[in-house]
Amino acid sequence: MKNKLLFDFTVNKENNTINIKREFASELPLVWDAFTKQEILDQWWAPEPFQNKTKILDFREGGIWHYAMVSPENKMHWNRFDYEKIETQKMFTGWDGFCDEEGTFVETEFSRIHWENSFKNNSKSTIVNVTLTLDSLDDLEKIIKMGSKEGFTAGLNQLNKLLLVLK
């Protein structure tokens, strides 16, 4: 089963979305924790050689995740995710964007991104479905050019390895 896990990365330019489906050979509670608990998130979120550093994780509707992806040169790339809706072990949504160390959103070349993350138990595996929605085709093309596919794929591969260890 390990070699046949679902992975799909689809860009839809008509509705300015990226959809990522990834199956993990782990049970739903552990996969959910990997997306919602700081001690696990920080181990896989930033693609190597970057590391993730969470400053605040307040996982609740109206809460935030304020974090930095730290380069090997110790340069901090700050982001903030504002949680909108949460249904435990089913889904969560929110808005992600670049910010400063204090958590204040900063102007960038593209707007904040809306995330919809859903989790589905599939017998002995879990399918995670992530939909990123951007404001415009221009924003979508910029984030693709920035390496979002490669970065997100690397992070999910790191998560897959970590889940095998955490089982």
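Each row is one residue, and each column tells you yes or no for (1) outside any loop (DSSP other than H, G, I, E, B); (2) of a type in the set (Ser, Thr, Tyr); (3) touching a strand residue (DSSP E or B) at 6+ places or on another chain (Cβ under 9 Å); (4) more than 27 Å from Leu137 (Cβ to Cβ).
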{"site": "Ile40", "(1), (2), (3), (4)": "yes, no, no, yes"}
{"site": "Glu84", "(1), (2), (3), (4)": "yes, no, yes, no"}
{"site": "Thr108", "(1), (2), (3), (4)": "no, yes, yes, no"}
{"site": "Ser111", "(1), (2), (3), (4)": "no, yes, yes, no"}
From Thr93, Thr88, Thr108, grab the single residue that is more than 17 Å from Val128 (Cβ to Cβ) and either surrounded by 14 or more Cβ atoms within 10 Å (Cβ to Cβ) or not hydrophobic (A, V, I, L, M, F, W, C) (or both). Thr108
Taking first residues from the stretch 14-25 that are in contact (Cβ under 8 Å) with a residue 60 or more places away in the chain and farther than 25 Å from Lys4 by Cα and second residues anywhere that are part of a strand (DSSP E or B) and open to solvent by 20 Å² or more (accessible area, probe 1.4 Å), the pairs with Cβ under 9 Å that are 6 or more apart or on different chains are Asn15/Thr133; Asn16/Thr133; Thr17/Thr10; Thr17/Val11; Thr17/Thr131; Thr17/Thr133
If a residue must be crowded, with 17+ Cβ neighbours inside 10 Å and in contact with a Leu (Cβ under 9 Å, 6 or more places away or on another chain), how many such residues does the stretch 134-151 contain? 4
Read through the list (1) open to solvent by less than 70 Å² (accessible area, probe 1.4 Å); (2) in contact (Cβ under 8 Å) with a residue 60 or more places away in the chain; (3) over 23 Å from Thr17 (Cβ atoms), then give the number of the only condition that Leu57 fails. (2)
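The values are calculated or read from the model by the stated rules, or taken from the named source; none is laboratory data. Here the structure is a predicted model, which means the values were calculated and not measured. Note: ideal-geometry Cβ built from the backbone for every residue, glycine included; neighbour counts use all protein chains shown. Accessible surface areas use protein heavy atoms only, side chains included; no ligands, DNA or RNA. Shrake-Rupley method; radii C 1.70, N 1.55, O 1.52, S 1.80 Å.
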